[in-house]
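K.L.:
Have a look at this one before I ask anything.
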Amino acid sequence: MNGGAAQAWFIAGTIPLILAGGLHALAALLDTVRPTYFTPIDRAVKPVVEGTGIRLVGEATPSMWRVWLGINISHGLGVFTFGLLCLVIATHDFKLVQDIDAIRPLAIAFSAAYLALSLRFWFYGPAIITGIAAGCFTVATVLSA
């Protein structure tokens, strides 16, 4: 069991998630003030998206634009938080990562799920980031065995 190398690989897997998730949330948050990153390329689309509601529950009908930004902010925060929690656990006491059987497979599954989403719905940037994270978590798991 190579704990030091496994810990380094596990920590390395958290970094892309923290950076990408944080930047994603920040970019979407900035778009609430100055639409730049998540705004439609076709300028004619944004006013329509701002004026179109979404059916949720009851009378609340937020605009698609607000929903879009909210989803992107929460998405970024979720990825950031997952990476940060894994980093805190791994740096505080890596023995927990090795002793709690669910942590390593969950880290692999989380990043692999985002890799699959990236390949199916997004573009190469998120696929590279999540592929690196999944690879690092997998190497850490193999070294911890």
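The values are calculated or read from the model by the stated rules, or taken from the named source; none is laboratory data. Quick caveat: nothing in here was measured; it's all calculated off a predicted structure. Here Cβ is always computed from backbone atoms with ideal geometry, including for glycine, and neighbour counts include all displayed protein chains.
K.L.:
Evaluate the following for residue 19: is it under 22 Å from residue 106 (Cα atoms) and in a helix (DSSP H, G or I)?
P.N.:
Values: under 22 Å from residue 106 (Cα atoms): yes; in a helix (DSSP H, G or I): yes.
It is true that residue 19 is under 22 Å from residue 106 (Cα atoms) and in a helix (DSSP H, G or I).
K.L.:
Here's a follow-up. Scan region 32-52 and report the pairs whose first residue is among the β-branched types (Val, Ile, Thr) and whose second residue is in a loop (DSSP other than H, G, I, E, B), with Cβ atoms within less than 7 Å and a gap of 6+ or a chain change.
P.N.:
Matching pairs, first to second residue: 49/40.
K.L.:
OK, next. Output the residue which, of all residues in region 116-136 that are surrounded by 18 or more Cβ atoms within 10 Å (Cβ to Cβ) and in contact with a Ser or Thr (Cβ under 6 Å, 6 or more places away or on another chain), is nearest to residue 23 (Cα to Cα).
P.N.:
126
K.L.:
On the basis of being under 14 Å from residue 6 (Cα atoms) and aliphatic (A, V, I, L, M), does residue 84 make the cut? So that I can check it myself, show each step before the final result.
P.N.:
Values: under 14 Å from residue 6 (Cα atoms): no; aliphatic (A, V, I, L, M): yes.
Against the criterion (under 14 Å from residue 6 (Cα atoms) and aliphatic (A, V, I, L, M)), residue 84 does not qualify.
K.L.:
Hey, among the residues in region 74-98 that are touching a Ser or Thr at 6+ places or on another chain (Cβ under 8 Å) and among the aliphatic types (A, V, I, L, M), which one's surrounded by the fewest Cβ atoms within 10 Å (Cβ to Cβ)?
P.N.:
Applying the first criterion (touching a Ser or Thr at 6+ places or on another chain (Cβ under 8 Å)) to region 74-98 yields 83-84, 86-87, 90, 97-98.
Applying the additional criterion that residues be among the aliphatic types (A, V, I, L, M) yields 84, 87, 90, 97.
Working: 84: 15, 87: 17, 90: 24, 97: 23.
If we take residues in region 74-98 being touching a Ser or Thr at 6+ places or on another chain (Cβ under 8 Å) and among the aliphatic types (A, V, I, L, M), then 84 is surrounded by the fewest Cβ atoms within 10 Å (Cβ to Cβ).
K.L.:
Across region 32-56, which residue is modelled with the lowest pLDDT among those that are over 27 Å from the mean Cα position of the chain (by Cα) and not hydroxyl-bearing (Ser, Thr, Tyr)?
P.N.:
Among those that are over 27 Å from the mean Cα position of the chain (by Cα) and not hydroxyl-bearing (Ser, Thr, Tyr), it is 51.
K.L.:
Something else: So is residue 70 under 20 Å from the mean Cα position of the chain (by Cα), over 30 Å from residue 7 (Cβ atoms) and of a type in the set (Gly, Ala, Ser) or not?
P.N.:
On the way: under 20 Å from the mean Cα position of the chain (by Cα): yes; over 30 Å from residue 7 (Cβ atoms): yes; of a type in the set (Gly, Ala, Ser): yes.
So residue 70 passes the test.
K.L.:
Please go through region 99-115 and give me each residue that is surrounded by 13 or more Cβ atoms within 10 Å (Cβ to Cβ), under 21 Å from residue 25 (Cβ atoms) and either free of Cβ contacts under 8 Å to residues at least 24 places away in the same chain or more than 14 Å from the chain's Cα centre (by Cα) (or both), ordered by number.
P.N.:
115
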